[in-house]
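Quick notes on the structure that follows.
The values are calculated or read from the model by the stated rules, or taken from the named source; none is laboratory data. Please read all numbers here as calculations on a predicted model, not as lab measurements. Positions of Cβ are backbone-derived with ideal geometry, glycine not excepted, and every protein chain shown enters the neighbour counts. Ligands, DNA and RNA are stripped out before the accessible areas are found, and what is left, the full protein with its side chains, is counted by its heavy atoms. Shrake-Rupley method; radii C 1.70, N 1.55, O 1.52, S 1.80 Å.
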Amino acid sequence: MIAIISGASSGIGREFAYQLDSMGYDELWLIARRADRLEALAGELRTPAKILGLDLCYDKSYDIIKDELAKAKLKIGILINSAGIGVNDYFDKTSLIDLDSMVDLNIKATTRLIKLSLSHMADESVIINVASVAGFIPQPKFSTYAASKAYIISLTRSLNRELKPQGIHVTALCPNPVDTEFGDTHKKGIKKYATEDLGKLVTRALLNSRKTDLITTHGPAKLMFIVSKIIPHSFIMWIEKMLGMY
């Protein structure tokens, strides 16, 4: 079977590649914009890797993926949608290019990769969409990123219900900031005290991917999920203001 990982050149995606390398897949398909990093990663893996150095903000990338899937002789056992970008700034100070990139990569890329992969998924296969604790509530100064992750959570939970009859499990991984080059840029204020361990995060995600449609692996993330269900979001945002988060 095939394991497909977007955003595999760094961070959470790369850690998924490392851990899936020992799980018996026939091929790992590594997708990211930085092909040189994918080549370096492939050199560290025992499982044969297909390098797809593609920018998922461009439509032509999906034509290439569609063609590769059509030629593949193996079914997809797991799809990891880890590609993402976040800009921590006020909306009116964020460039249109950055706003478009967040929508294209965080929302459209995940949606399209799921759509392209569905007809190639094996029985009892898994889709893990990397969301964020930021998707639980609106977040001023992080508004577009948080909104994009809220979309991923909602899409994931509904698709898990839709696709159960086909034997496909879909779950959203919702971490706090992680020790990665992406997460490090967002560990500000109170967030710096809620950092997740990357290896443990991915291990637990893989263990629980068939059990639930939403995975939190860290105490503060679990607490935020509960709080977001019982306390009005307007009050939570007021608290965030008092804590200097925006």
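What to note about this one:
- Of the peptides 206-217, 225-236, 58-69, the ranking by mean beta-carbon count within 10 Å, highest at the top, reads 206-217, 58-69, 225-236.
- Alpha-carbon spread of the chain, three principal axes, descending order, Å: 55, 36, 29
- Both numbers refer to the Cα atoms of segment 1-140; Rg and Dmax are 15.3, 48 Å.
- To the nearest ten degrees, helix 11-20 and the longest principal axis of the Cα atoms of the chain are 40 degrees apart.
- Sequence ranges 169-175, 45-51, 147-153, ranked by mean other-Cβ count within 10 angstrom, highest first: 169-175, 147-153, 45-51
- At full extension, Leu207 and Ile97 could sit 35.9 nm farther apart than now, given 0.36 nm per residue minus the alpha carbon distance.
- Percent carbon-and-sulfur accessible area, segment 1-141, ignoring ligands, DNA and RNA, probe 1.4 Å: 50 percent
- A 1.4 Å probe run over the protein chains yields, for the chain, 48 Å² of accessible area per residue, whole-number rounding.
- Helix-only CD estimate at 222 nm, as mean residue ellipticity for the chain, using -39500 (n - 2.57) per DSSP H run (n ≥ 4): -12500 deg cm²/dmol
- Segment 6-49: GluC sites (Glu not before Pro) in DSSP coil with no more than 12 other Cβ atoms inside 10 Å: Glu44
- Relative contact order, percent, the chain [alpha-carbon distance under 8 Å, six or more residues apart]: 17 percent
- Listed residues Met121, Met23, Met224, most fluctuating in the chain (Gaussian network, C-alpha, under 10 Å): Met23
- Helix axis angle, 198-208 relative to the chain longest principal axis, alpha carbon, degrees: 70 degrees
- Nearest-ten-degree value, helix 59-71 long axis tilted from longest Cα axis of the chain: 40 degrees
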